[in-house]
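Where a number appears in this text, it was derived from the coordinates with a stated rule and is not lab data. All figures in this text were calculated on a predicted structure; none of them were measured in a lab. Don't worry about glycine lacking a Cβ; one is built from the backbone with ideal geometry, like all the others, and counts go over all protein chains shown.
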Amino acid sequence: MSNAELQHGPLHALHVELGATFAPFGGWEMPVSYAGVVAEHTAVRDAVGVFDVSHLGKASVVGPGAAAFVNACLTNDLDRIGPGLAQYTLCANETGGVIDDLIAYFVSDDEVFLVPNAANTAAVVAELAAQAPEGVTVTDLHRDHGVLAVQGPRSAEVLAALGLPTDMDYMAFADAEFEGAPVRVCRTGYTGERGYELLPRWDDTATVFRALVAAVEQAGGQVAGLGARDTLRTEAGYPLHGHELSTEISPLEARCSWAIGWKKPQFWGRDALLAQKAAGPARTMWGLRALDRGVLRQGQSVLRDGAVVGETTSGTFSPTLKVGIALALLDSSAGLVAGDELTVDVRGRALRCEVVAPPFVPVHTR
């Protein structure tokens, strides 16, 4: 896809003004960094950062029994929550692979708001629309709302400066206003830190973003891009669709079985996932922490005593730990445990790594 074909979010001109570097991601031209990935990563861990993730999808499922319909499709159990709460869930296929992982906002029994990944929004909407019962409407709202993530130990301070609600439990949301315009605020995030995600209307996103940038800087934080978002989520051991999750990688392999309502009578991929649960997944996601100098990347072979036992799915330099880290799918038959030593083939060089049960750093989301 050429740069001319890439989509732009509501803040592209502002990112240019802020001096962002850009890269394609999921069909969108996204800001990678402003002051540098390490500085932005550290700001989120130590203070606060604000990310523009408006490329994320948005969709609504509305009509009589909408929540029950969604619950019969996606893996997690909406009956575990209620109105005003959100839930991480998965859209699985019939073989147990993952079409997408997403957040479902339980608005009411007759309305669920979904935030899928950018590149998978159309697929999720199409799957739901194809099976929606009469009276239930599935609508793609990709360009109706922006998404802004405020993450870090001082995130509540930033939202309070804008008069937005902060006193809510993890995965709870509230509908509020900023300068007379509606904005949904949820206690969610993708960094491993306490944080919030804001959903203003698309045309109001720039107004909210400018105010957030000013408050973040006042709190000692920075604007952050996709580069820091990736290093932060990797340290937290969070899967990324297309890396640790895909139509060929199941939730059990990605350590996401907690996001499956096993007792539900129906959801897409249920039979295949129950069979995999009974047999045990053939491979499992582990973390790898480099014991030698070197940076790990996606797609590198992982070896034990010279035999390949898996492959890295994500890899980066950890700004917090100051070493190379990776997530990898490793053969369950290898009987690996945390603390085992493996090697990763880094361009023909054997890089020693320790097996780690993710996350690599403490998670402070709650």
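Charge tally for P239 (other residues, Cβ to Cβ under 14 Å; Lys, Arg +1; Asp, Glu -1): -3. Each Lys and Arg adds +1 at its Cβ and each Asp and Glu adds -1 at its Cβ; summed about the Cα centre, the chain shows a dipole of about 980 debye. Within the same chain, aspartates and glutamates fewer than 8 places from K277 are excluded, and of the rest, those with a Cα less than 20 Å from its Cα are D77, E94, D100, D101, E244, E248, E253, D331.
Taking label points 7 Å from Cα along the Cα-to-Cβ direction, R349 and A181 give a separation of 4.9 nm.
Ordering 305-313, 326-334 by mean Cβ neighbour count within 10 Å, with the highest value first, yields 326-334, 305-313. In a reduced charge model with +1 at each Lys and Arg Cβ and -1 at each Asp and Glu Cβ, region 24-161 shows a dipole moment near 360 debye about its Cα centre. Classify region 84-147: rounded, prolate or oblate, from the alpha-carbon gyration tensor (a ≥ b ≥ c, eigenvalue square roots; a/c under 1.5 rounded; otherwise prolate if a/b is larger than b/c)? Judged from the Cα gyration tensor, region 84-147 comes out rounded (a/c under 1.5). Across every direction, the projection of the convex hull enclosing the Cα atoms of the chain has a mean area of 18.0 nm². Taking square-rooted eigenvalues a ≥ b ≥ c of the alpha carbon gyration tensor, is region 228-280 rounded, prolate or oblate, where a/c under 1.5 means rounded and, failing that, a/b exceeding b/c means prolate? Taking the square roots of the gyration eigenvalues as a ≥ b ≥ c, region 228-280 is prolate. Kindly give Rg over Rh for region 103-200, based on alpha-carbon atoms, with the Kirkwood expression for the hydrodynamic radius. With Rg and the Kirkwood Rh in hand, the quotient comes to 1.01. With R₀ fixed at 56 Å, the C-beta to C-beta distance from E134 to Q7 puts the FRET efficiency at about 0.95. Rounded to the nearest 0.05, the FRET efficiency derived from the C-beta distance between H364 and D167 at R0 = 25 Å is 0.90. Across region 305-314, computed HN-Hα scalar couplings (Karplus, 6.51 cos²θ - 1.76 cosθ + 1.60, θ = phi - 60°) run 6, x, 9, 5, 10, x, 8, 6, 10, 8 Hz from first to last residue, x flagging Gly and Pro.
Please get the size of the charge dipole for region 265-352, origin at its Cα centre, with Cβ charges of +1 on Lys and Arg and -1 on Asp and Glu, quoted in debye to the nearest 20. Intermediate results must be reported in sequence, preceding the final value.
Working: 11 positive and 8 negative charges, 61 e Å.
With only Lys, Arg, Asp and Glu charged at Cβ, the dipole is about 300 debye.
Across the alpha-carbon atoms of region 1-125, the computed radius of gyration and Dmax are 17.4, 48 angstrom.
Please label the shape of region 109-265 as rounded, prolate or oblate, based on the square roots a ≥ b ≥ c of the eigenvalues of the alpha-carbon gyration tensor (a/c under 1.5 means rounded; beyond that, a/b larger than b/c means prolate, else oblate). Judged from the Cα gyration tensor, region 109-265 comes out oblate (a/c at least 1.5, b/c at or above a/b).
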